[in-house]
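The structure appears right after this line, and notes come after that.
None of the figures in this text is laboratory data; all of them are computed from the coordinates on show. None of the values given here were measured: they were computed from a predicted structure.
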Amino acid sequence: MSDNQEHIYQTNIALFQQANVPYQEWQHDPILDFETDRRISTELGITAAPTKSLFMKLKGGGHCLLLTHRDSRLDSKLVKSLVGKRVSICSNDEMVEAIGCEPGAVCPFGLPEAITMLIDPVLYSFDEIMYTPGKPTATFAFASAQLDALLSLLPNPQIQLPAVTEV
């Protein structure tokens with residue numbers, strides 16, 4: 001594990017403590033893809049909804065991160081309408097350089113301040129959500145109702161995606 005991954009991990013623990021938000025933690029084999037995530041979640045009995053953190057670059061410079069459910073798809077036109085620039089998924093090398101996370105284990109918390117966070121409201125529809133806190137060998141889960149308490153402590157610009165209504 002890199003020093004940066006350990007720093008991200010410790011930053012996440014500190015965020016939960018500062019927000020006074022209870023969380024669960026599991027240690028396990030590295031999770032770097034959705035199939036391994038499903039298998040380990042089943043083996044460990046994790047029932048929280050899995051999240052996905054898509055790290056993107058903005059045309060003309062800068063980055064943003066979309067925090068959403070694992071099975072959600074990127075609507076790049078919607079994201080462009082919210083951030084005002086076209087977006088594309090970063091290369092693994094660019095992402096590692098920008099935020100220090102390993103591909104497949106992007107952490108949504110503890111990002112550099114200039115990175116805009118896009119929050120998908122679908123996450124609030126689950127009782128609990130889980131994510132990788134920097135180390136691919138760890139998973140944190142917490143009540144989705146506490147997401148705003150964590151987000152409120154972050155210095156990053158934040159944009160809530162509009163809620164999608166089913167017809």
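Tabulated data
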{"read-out": "Gyration tensor (alpha-carbon) shape descriptor, the chain, a/c threshold 1.5", "value": "rounded"}
{"read-out": "Top of Leu150, Leu78, Leu15 by mean-square fluctuation, Gaussian network on the chain, Cα under 10 Å", "value": "Leu78"}
{"read-out": "Greater than 24 Å apart at Cα, pairs in Lys52/Lys80; Lys80/Lys135; Lys77/Lys135; Lys57/Lys77", "value": "Lys80/Lys135; Lys77/Lys135"}
{"read-out": "Computed over region 1-113: relative contact order in percent, which uses C-alpha pairs under 8 Å that are six or more apart", "value": "28 percent"}
{"read-out": "Sequence-separation-based contact order of region 39-167, relative, with Cα cut under 8 Å and 6+ spacing, percent", "value": "27 percent"}
{"read-out": "Separation of alpha-carbon centers, region 1-44 and region 50-105, rounded to whole Å", "value": "20 Å"}
{"read-out": "Karplus-derived 3J(HN,Hα), 6.51/-1.76/1.60, for each residue of region 101-116, Hz, glycine and proline x", "value": "8, 6, x, x, 9, 6, 9, x, 10, x, 7, x, 4, 6, 7, 6"}
{"read-out": "Beta bridge orientation in the chain: antiparallel %, DSSP, nearest 5", "value": "65 percent"}
{"read-out": "Relative contact order [Cα under 8 Å, 6+ residues apart], region 41-86, whole percent", "value": "31 percent"}
